[in-house]
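Student: Quick one: this structure, given as structure tokens, is what I'll be asking you about.
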Amino acid sequence: MSPELAAIVERAQLLTEDLSLTSVRTWKQAVAGRKAIGHMPIYVPRELIHAAGMLPVGIVGAGDRLEIIRGDAYFQSYICHIPRSTIELALTQRLDVLDGMLFPSICDVIRNLSGMWNILFPDRYVRYVDLPQNFDPQAGGTYWRHELDTLRNDFVRLTNRPIEDDALRRSIAVYNENRFTICELYRARSLRPWFFPVSEVYPILRAGNVLPPENHTALVREYLRLAPLEPDRRDRDQSRVVLVGMFCEQPPVGVLLTLERAGCWVVDDDLLLGLRWITGDVSCDGDPVQALVDAFLTQSAETAARYLPDGEHGRALVESVRRNRAEGVIFCAPSFCDPALLEQPMLIARLDREGIPHTQFKYSEDTGQFAVIREQAGTFSDSIRLWSEA
Amino acid sequence: MNAAPDRRVPEDIRKEHSMLLQKEMIASHYTALAHAPQQNRKVVYTFVPGNLTELLRSFDLLPVLPEINALQSGMRKLSGDYIAEAEKYGHSEDVCTYVKCDIGMLKKGNIGPTGERLPSPDLLLLSYTGCFTFMKWFELLRQEYDCPVAMLHVPYQAEGRILPHHVEYIVEQLRSEVIPKLEQVSGRRYDEDRLRESLRLSAQAEDDLVWVLESAKNIPSPIDAYFGGVYYIGPMFTAFRGTAEGVAYYQALRNEVEDRLRQGLGPLTPEGVPEKERYRLVVEGPPNWTSFREFWKMFYDEGAVVVASSYTKVGGLYDLGFRHDPTHPLETLAEYCLGCYTNLGLPTRLELLRQYIYDYRADGFMINSIKSCNSFSVGQLLMLRQLEQSTGVPGGFIESDLVDPRYFSAANVKNRIESYLQMLEQKRAGATA
């Protein structure tokens, strides 16, 4: 690997592994008065945070890098893992650098976690971001506009400075660029996945949770430039798969590496979906808050955590399979993840109708044993290749 | 002068008038459902929290509540097979067992609790109130039925108060989404006067329900506000709010409780009336349905009476003063939806339980944490600690499930209840020593 590429991958890995959010502390210390706002998956309007001069920080638990000592005392065994490691991070002061936390309405766990935050940290800014499940402009649009105006006012109070429309338009443009660049990376990986191993792509993406978006865009671009220059990276006889179910609690990187080593090229996924929740550009013209509203109503990703008015579950997944020339789908959802696991039978039914092979397993962010996953994914990959040859 | 009450007569042979009334009401509702297709009556599937029964009735539509079917299946020992059936179709063992019980029942022919086939829905009214799983549940049902869906998104009361734009959002959805679809399905125009009349009846019954629930402030309590409470809320939370039958039921129930109060009697349970009210408890969380009677008996055997519970508020917090208001029909429906217990932020839930402990002079509180229900369960361990801290009253914690018999360990639950009550006893002895 070239020293340049090794350097940016290592930087991204360090950012991903740094549970103390050192980079966020450094960013805040660089200019007096800077603030950072944390947010849980999946979607929050980061443009508003950015326009307020604050740093949006995506929090996705602690993965397999933190021993849970106090967090387990807050959650029963049948609740997913991300809230317990997130609480552990907070109770061990690792999240003290954050000046507030946003909890978007993804499921009842994250919803109730917002209330726990209110109780445990009464002096901090906490907001439950109740995304509309009605996508009609008059109903859901009016409601969401009100919620965004409230958020904007909250941020004005937190920073003690106004958020000008022009500043918000600039932030919208910054995030348009960031999403476009991330999508470029996805397109490039889909074309030649051997140049973009998941061990690199994942930390490069995840760095977007803590870096200012301008810096993250630059990082992704640099990676996109350097990775295809690696002479040793060649196509192998692997199956092309789409991963589904990883939009909230993240798998340990070991799971992703295992899939690749088991013979799967990941050509699309829903990892860290919040980074590209809005599937196109948000308008930089006119009323910028309304532009965010309109984008949410008309360009939100189709995923398990949102209502689909037409009931066409699996449409986006099948499109992804076709677009990325995938040969199969791997459902890998966190244990006890209501949205992903309740959605799964609908997606499977759709894949079956379309004749698309699939397999499924569950993980927890601190899963440490990958042998079964490797065996299952390897068998799946082999069977796909056999069918393809037939 | 009244004869001395017989405390030992088991409920198997002693049914109060209200119980018989409720049984008849429910049976007739299921019969009406079973014959709905022949009688050309239209059927709407919807959920208990945030249900719009008055609105549905104003269109002459019959409600079906899948949670009620699931809990009935649980009580009739049918849910285990239904859940297994759903898991056979690929539904995860990790998710809500109400959903799986319902899907399993559907796959096995949709035979309702009374043994008759339930009609397919003419409309799925997805009232997304206080529970994310509701949305996925009806998305799953939508794959099974060829019928329209009306989605009503009810925002969460994270800030502990109803905000005007939340009410406006719900009213707009009622006007633009729900009512047009009800008109389309029923073939009737929206009749606001009819709705107002129904809401007036609701408020009347709600007054009596609140009186009954608050009768538990007396010592001894004439009711059990959890195990008995689930029967008391039955008509109110399901198909009978806003009906003359509902009003009659709550009047009868109130009369009976008034009578028990006059006689100084404790609650009527399946085992009879407890000899003595030894412990007054507040309970958070839904009950287990598969071993409901056994679960109740564990409390009865120890002389533990539940004087207030959060579960009996999932279909509305009437005891905090809410009444359906016929003068603002759509707004009052919106406020009703917003105010259901599981739609309240955790700090609000905590404060409510704290208030119950004081107002009902409880000796302790117990949390029944339900594996299936993240809406209730997430945060309960924190609530336990916070409540103990703020009230000085010890809390107990047990775990079970709604309708999955695999998750009710009778010996373990009994052991925990007994240990907890022994602790209360020791605390009491210590206080008087």
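Throughout, read-outs are computed from the coordinates displayed, never taken from laboratory work. In this text the structure is predicted, and so the values were computed from the model without any measurement. We place every Cβ from the backbone using ideal geometry, glycine too, and count neighbours over all the protein chains shown.
Student: Averaged over its residues, how many other protein chain Cβ atoms are within 10 Å of peptide A:339-348's Cβ atoms?
Tutor: Neighbouring Cβ atoms belonging to other protein chains average 6 per residue here.
Student: Using the Cα centre of chain B as the reference point, and only Cβ charges (+1 on K/R, -1 on D/E), how large is the resulting charge dipole? Debye, rounded to the nearest 20. Intermediate values should be presented prior to the final figure.
Tutor: Details: 47 positive and 57 negative charges, 108 e Å.
Charge dipole of chain B: 520 debye, to the nearest 20.
Student: Give, as a single signed number, the net charge of other residues whose beta carbon lies under 10 Å from the beta carbon of residue B:41, with Lys and Arg counted +1 and Asp and Glu -1.
Tutor: That works out to -1.
Student: If the cut-off is 26 Å between C-alpha atoms, which lysines fall inside it for residue B:88, apart from same-chain ones fewer than 8 positions away?
Tutor: The qualifying lysines are A:362, B:77, B:100, B:107, B:108, B:136, B:371.
Student: Which value, in debye to the nearest 20, describes the size of the charge dipole of region A:59-195 about its Cα centre when Lys and Arg Cβ atoms bear +1, Asp and Glu Cβ atoms bear -1, and nothing else is charged? Working shown, then result.
Tutor: Details: 17 positive and 18 negative charges, 74 e Å.
It comes to approximately 360 debye.
Student: Quantify how much of the Cα-Cα distance distribution of region A:329-390 extends past 18 Å, in percent. Write out the running numbers ahead of the final one.
Tutor: On the way: 839 of 1891 pairs.
The proportion of pairs with Cα distances above 18 Å equals 44 percent.
Student: Further question: Based only on the alpha carbon positions, what is the Kirkwood hydrodynamic radius of chain B, in angstrom? List each step's numbers first, then the result.
Tutor: Working: mean 1/r = 0.0452 Å⁻¹.
That comes to 22.1 Å for chain B.
Student: Indicate the gyration tensor shape class of region A:1-148 (rounded, prolate or oblate), computed on the Cα atoms with a ≥ b ≥ c the square roots of the eigenvalues: a/c under 1.5 is rounded; otherwise a/b larger than b/c is prolate and the rest oblate.
Tutor: Details: a/c = 1.63, a/b = 1.22, b/c = 1.33.
Oblate shape, in that a/c is at least 1.5 and b/c is the bigger or equal ratio.
Student: Assuming R0 = 35 Å, what is the FRET efficiency of residue A:375 and residue A:225, from their Cβ-Cβ distance, to the nearest 0.05? Mind showing how you got there, number by number?
Tutor: Values: r = 37 Å, r/R0 = 1.05.
Between residue A:375 and residue A:225 the formula returns 0.45.
Student: Are there trypsin sites (Lys or Arg not before Pro) in region B:342-433 that DSSP puts in a loop and that have at most 16 other Cβ atoms within 10 Å, and which ones?
Tutor: Details: sites: B:349, B:354, B:361, B:371, B:385, B:406, B:414, B:416, B:427, B:428; in loops: B:361, B:371.
Within region B:342-433, the qualifying trypsin sites (Lys or Arg not before Pro) (loop, at most 16 other Cβ atoms within 10 Å) are B:361.
Student: Now, a different point. Name the GluC sites (Glu not before Pro) in region A:1-91 that are in a loop by DSSP and that have at most 13 other C-beta atoms within 10 Å, would you?
Tutor: On the way: sites: A:4, A:10, A:17, A:47, A:67, A:88; in loops: A:67.
Filter output for region A:1-91: A:67.
Student: Computed on alpha carbon atoms, what radius of gyration and Dmax characterise the protein assembly as shown, expressed in Å?
Tutor: 27.7, 101
Student: Moving on to the next point. With only alpha-carbon atoms counted, please give the Rg and Dmax of region A:136-271, in Å.
Tutor: Considering region A:136-271 through its Cα atoms, Rg and Dmax are 18.9, 57 Å.
Student: Here is a follow-up. Of A:186, A:27, B:73, which is farthest on the positive side of the dipole of the protein assembly as shown, counting Cα position, with +1 on Lys and Arg Cβ, -1 on Asp and Glu Cβ, and the Cα centre as origin?
Tutor: A:27
Student: Could you work out how far apart the two model spin labels at residue B:114 and residue A:165 are, taking each label as a point 7 Å from the Cα in the direction of the beta carbon, and quote it in nm?
Tutor: Reported label-point gap for residue B:114 and residue A:165 is 6.1 nm.
Student: Under the rule of at least 5 residues apart or a separate chain, name every residue whose amide H is placed under 5 Å from the amide H of residue A:105.
Tutor: Here the answer is A:129, A:131, since their amide H atoms fall under 5 Å of that of residue A:105.
Student: Continuing with the same structure: What length, rounded to one decimal in nm, is gained on full extension from residue A:65 through to residue A:218, with 0.36 nm per residue of separation minus their alpha-carbon distance?
Tutor: Values: separation 153, 0.36 × 153 = 55.08 nm, distance 2.72 nm.
Separation in residues times 0.36 nm, less the Cα-Cα distance, equals 52.4 nm.
Student: Moving on. Can you give the Kirkwood hydrodynamic radius of region A:94-198 from its Cα pairs, in Å with one decimal? Provide the component values of the computation, followed by the final result.
Tutor: Details: mean 1/r = 0.0590 Å⁻¹.
Value: 17.0 Å, from the Cα pair sum.
Student: Report, in whole Å, the centroid distance computed from the Cα atoms of region B:147-202 and region B:397-423.
Tutor: 39
Student: Given a Förster radius of 41 Å and the C-beta distance between residue B:39 and residue A:323 as r, what FRET efficiency does 1/(1 + (r/R0)^6) yield to the nearest 0.05? Write out the running numbers ahead of the final one.
Tutor: On the way: r = 50 Å, r/R0 = 1.22.
Calculated value: 0.25.
Student: Please get the size of the charge dipole for chain A, origin at its Cα centre, with Cβ charges of +1 on Lys and Arg and -1 on Asp and Glu, quoted in debye to the nearest 20. Walk me through the numbers before you get to the answer.
Tutor: Details: 42 positive and 53 negative charges, 100 e Å.
Charge dipole of chain A: 480 debye, to the nearest 20.
Student: Ok, one more. Can you tell me which lysines have their Cα less than 25 Å from the Cα of residue B:427? Leave out same-chain residues fewer than eight positions away.
Tutor: B:217, B:276, B:297, B:414
Student: What FRET efficiency would be calculated for the residue pair residue B:426, residue A:383, taking the C-beta separation as r and a Förster radius of 56 Å, to the nearest 0.05? Walk me through the numbers on the way to the answer.
Tutor: Details: r = 62 Å, r/R0 = 1.11.
Computed FRET efficiency for residue B:426 and residue A:383: 0.35.
Student: If you take the Cα Rg of chain A and divide it by 2.2 N^0.38 Å, with N the number of residues, what do you get? Provide the component values of the computation, followed by the final result.
Tutor: Working: Rg = 20.4 Å, N = 390, 2.2 N^0.38 = 21.2 Å.
The value comes to 0.96.
Student: Right, another one. Using only Cα atoms, locate the centre of region A:300-337 and the centre of region B:227-282, then give the distance between them in Å, rounded to an integer.
Tutor: 48
Student: When the Debye formula is applied to the Cα atoms of region B:34-145, each taken as the same point scatterer, what base-10 log of I(q)/I(0) results at q = 0.12, 0.15, 0.23 Å⁻¹?
Tutor: Rounded to two decimals, the profile gives -0.39, -0.62, -1.41.
Student: Net charge near residue B:341: determine it from the other residues with C-beta under 12 Å of the C-beta of residue B:341, scoring Lys and Arg +1 and Asp and Glu -1. Don't skip to the answer; put the middle values down first.
Tutor: On the way: positive: B:313, B:349; negative: B:284, B:319.
With Lys, Arg at +1 and Asp, Glu at -1, the neighbours total 0.
Student: If you average the alpha carbon positions of region A:144-182 and of region A:201-238, how far apart do those two centres end up, in angstrom?
Tutor: 27
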